[in-house]
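In what follows, a single structure is set out as structure tokens and then discussed.
The values are calculated or read from the model by the stated rules, or taken from the named source; none is laboratory data. Just so you know, these numbers come straight off a predicted model, no measurement behind them. FYI the Cβ positions are ideal-geometry reconstructions off the backbone, even for glycines, and counts take in every protein chain you see. Protein only, heavy atoms only, side chains kept; ligands, DNA and RNA dropped before computing areas. Shrake-Rupley method; radii C 1.70, N 1.55, O 1.52, S 1.80 Å.
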Amino acid sequence: MSGRIKKIIDKMIDDRAKGDTAVAEMTKAKLILKGIYVDKYDNNYEDNPEVIEKLIDIKKQWNKEEMFESDSTLQTAYSEIKLEEEAVLDIQSQISYSGTKVVIYFASPSYNHKRLSRLMQNAFEDCLVFGCTTAGERASEKLLSNSIVALSLGNNLIADAKIEVIQNLNGDFNVKEPFESFGRYFKESPYLMNISKYVGIVLIDGLSLKEEKLLDKIGGITHINFIGGSAGYDLKFEKTTIFANGKAYDNSAVVALLKMQDNASFKIVKTQSFNILEQKLIANKVDEESRRVIEFNHKPATQAYAEALGISPNEDISDYFLSNPVGLVIDENNVLVRSPLKAIDTNIQFFCNILQDMEVSLLESCDMVAQTKNVLDDIVKELGEKFVGCLGFDCIGRRTELEKDDLVDEYNNIFTNIPIVGFYSYGESTIGHMNQTLTMLVFEYDKLDKVTIDENTSCSNKSQRLEKEKRDLEKQVKELKEKLELTTKELQRFNIELEEEFYERSEREKKIRYLSYHDELTDLHNSRYYKLIINELDKEDNLPISIIMGDINGLKEINDTMGHDKGNELIQKVANSIKAGCRKEDFIARIGGDEFIIILPKTSSKVANIIIKRIEEFNKYESVNNFPVSISFGCDTKEENCDSILKTIRNAEILMYKQKSTIKSRYTYYKG
């Protein structure tokens, strides 16, 4: 793909400039200072995920810089972009960072889960960020697939929040420790927390079959209401994933505890679209682990279910699973629906557990669209301006039924102008686990005036004037404070940019300096540095100074017969052998194509020859395409201060060429 980076940059500039050409030019300059050369990226430039991720970081930094004690309540966002980096940037552009405390998101399983979780946490790094995969996504009136939807909760709603991840659901998982962590964080026992000020959210691996066990353990520790759902994988029922802390988990659950602000509250609302029928089914024989009912009413489960429906045992009962599930009836307004998943021989496997000897009633579907609309209308009417939005958990069974009856568009329309984000799940959770139910966490917020006027108190004209003057003065002080803080932030940004530019320039200079004194192929010092250092090493304190000259044998033959890549490999292996054979204090440089010099301070000729033998020993184990690695060496030692170091180097070079001439015929013969 190409051209997307340009579109992202253009949008970032437009969002920041808002039509002001001067701000647009300044924004371009700031991008360049951060290493994004705007004009480089045109419509033909190949998309690069690393560049897009860098743009996400820049956008996040800008969002932080722009916030000033802002308030935030609830925001929704969605993206249908396929590339994770771009989709997160799209979500990020729809949610104001200012005041956001919690970000909950639901994503299609088509995305790379690990990358998506890391990018979302990075985009909202100071927030609690969590979510899961889905069997479909909801953003207000849009029923989506292959998308990401997100809901942000701000500081007007949420006073504080914490999340914990519970792993190993298929083992002996621990709920006590996470809730002890909640207790330490909020400084009160979860068992004693005010259930009108705290609410929990739980997202569970949808294939774990451990929803009931987890909810039962949570219910034994706290009275707080928890709402949530089971992660999905479309209709494939493959691997489902939980997102938290920038990571992706399977066989796990994320548990979030939210503490509401004093002027904010919540409601848990659920709606189903079934009538309770007279037919009862008692589960006489079950396999709880697999959620199978083996017998209803002392008959094979499939037979008893068919009889309750009044159909022939030979008819395909799966045709009735969506329209006629069963329900655990608490009262006429509270039914925990249990949807059949599939018939296995004469057993029926359910999405939820049906326990031994549990009595359930046969249900019959009714008008889902009308019933859901009535519930939403009641919420809006009851809460009025206090209503700010919902977090929704809808069942994949409801979506399937809507699609089968061609009612998707009609159902979507009832969510128009309703700020809701949610997902289609493999099961929904409130007090218990259930199916074919829309469960919603509804948020409400009572806006408070900045100045509360007691209309029942009569004030004198003088006191009213003083109050007005006080407010005006407070307003002026606030404005001056804002200007001061904005100026301070601008100075801080300017200092950061200067520091970044200085650091980048310093790093470039370090790299240039390093490359100017080192051989790029071998990482040894080069001839330029050797010429600078030789006089510093030629000191009386370093006597005796031994010089070893080395020349690679057969490099030309390798280059001519095998190519320069193999020649470079030979040079690198020789350099590695020299480094391995020398000591830390020895100076090594590559001073020609095949020529090396080793300067050995405070080293006698005897020790120098030992070092040569050591290098040759390392060479014995090296070859290039069966061509042996070897070096011709020459060595001489400067014993007295009056001796010339250049003469010593020359003597070592003569001895090196003398040795090389004695073995040249061997390499000519090897060549063939």
Only residues in the stretch 163-177 that are open to solvent by 70 Å² or more (accessible area, probe 1.4 Å) count as the first member; pair them with residues that are outside any strand (DSSP E or B) and of a type in the set (F, W, Y), Cβ under 8 angstrom, at least 6 apart or cross-chain, and list the lot.
Q167/F173
Tell me yes or no: at least one residue of the stretch 310-317 is touching a residue at least 12 places away in the same chain (Cβ under 8 Å) and open to solvent by 40 Å² or more (accessible area, probe 1.4 Å).
no
May I ask you to list pairs of residues, at least six apart or on different chains, whose Cβ atoms are under 7 Å apart, with the first in the stretch 257-278 being within 17 Å of D394 (Cβ to Cβ) and the second being open to solvent by 40 Å² or more (accessible area, probe 1.4 Å)?
I268/N225; T271/Q371; S273/C366; S273/D367; S273/Q371; F274/E364; F274/C366
Exception for I36 within (1) at pLDDT 75 or above; (2) within 25 Å of E499 (Cβ to Cβ); (3) assigned to a helix (DSSP H, G or I) falls at (3)
Select from the stretch 281-322 the residues that are farther than 17 Å from D345 by Cβ, assigned to a helix (DSSP H, G or I) and not charged (D, E, K, R) and list them in ascending order.
A308, L309, Y320
Can you tell me how many residues within the stretch 491-516 are open to solvent by 90 Å² or more (accessible area, probe 1.4 Å) and either over 30 Å from K579 (Cβ atoms) or in contact with a Leu (Cβ under 9 Å, 6 or more places away or on another chain) (or both)?
7
Please specify each residue of the stretch 73-93 satisfying the condition of being in a helix (DSSP H, G or I), open to solvent by 30 Å² or more (accessible area, probe 1.4 Å) and in contact with a helix residue (DSSP H, G or I) (Cβ under 8 Å, 6 or more places away or on another chain).
S93
Which number in (1) closer than 24 Å to A231 by Cβ; (2) in contact with a Leu (Cβ under 8 Å, 6 or more places away or on another chain); (3) hydrophobic (A, V, I, L, M, F, W, C); (4) assigned to a strand (DSSP E or B) marks the one condition that I330 misses?
(1)
Looking at the stretch 557-566, can you tell me whether even one residue there is open to solvent by less than 20 Å² (accessible area, probe 1.4 Å) and without any contact (Cβ under 8 Å) to a residue 60 or more places away in the chain?
no
Going residue by residue through the stretch 538-549, is there one that turns out to be hydrophobic (A, V, I, L, M, F, W, C), open to solvent by less than 20 Å² (accessible area, probe 1.4 Å), closer than 16 Å to S632 by Cβ and part of a helix (DSSP H, G or I)?
no
Could you say whether any residue in the stretch 377-389 is out of contact with any helix residue (DSSP H, G or I) (no Cβ under 9 Å at 6 or more places or on another chain), assigned to a strand (DSSP E or B) and under 15 Å from L281 (Cα atoms)?
no
The stretch 118-144: number of residues that are over 21 Å from P419 (Cβ atoms) and either among the aliphatic types (A, V, I, L, M) or assigned to a loop (DSSP other than H, G, I, E, B) (or both):
4
Yes or no: the stretch 517-528 includes at least one residue that is crowded, with 16+ Cβ neighbours inside 10 Å, free of Cβ contacts under 8 Å to residues at least 40 places away in the same chain, in contact with a strand residue (DSSP E or B) (Cβ under 8 Å, 6 or more places away or on another chain) and not hydroxyl-bearing (S, T, Y).
yes
Would you check which residues across the stretch 120-142 are surrounded by fewer than 19 Cβ atoms within 10 Å (Cβ to Cβ) and either among the acidic types (D, E) or over 21 Å from S93 (Cα atoms) (or both) and list them?
E125, D126, E141
Of the listed residues (V421, V337, V380), the one being open to solvent by less than 40 Å² (accessible area, probe 1.4 Å) and under 19 Å from E141 (Cα atoms) is V421
Matching residues, the stretch 402-422, being more than 24 Å from Q75 (Cα to Cα) and either in contact with a Gly (Cβ under 9 Å, 6 or more places away or on another chain) or free of Cβ contacts under 8 Å to residues at least 60 places away in the same chain (or both):
L402, E403, D405, D406, L407, E410
Checking the structure you have, find out if any residue of the stretch 180-192 is in contact with a Cys (Cβ under 8 Å, 6 or more places away or on another chain) and open to solvent by 30 Å² or more (accessible area, probe 1.4 Å).
no
I'd like the residue in the stretch 30-45 that is of a type in the set (D, E, K, R) and surrounded by 13 or more Cβ atoms within 10 Å (Cβ to Cβ) and, out of all such residues, is farthest from I13 (Cα to Cα).
K34
Is there a residue being surrounded by 18 or more Cβ atoms within 10 Å (Cβ to Cβ), aromatic (F, W, Y), under 20 Å from L116 (Cα atoms) and touching a residue at least 60 places away in the same chain (Cβ under 8 Å) anywhere in the stretch 224-241?
yes
Is there a residue in the stretch 396-416 that is in a helix (DSSP H, G or I) and of a type in the set (S, T, Y)?
yes
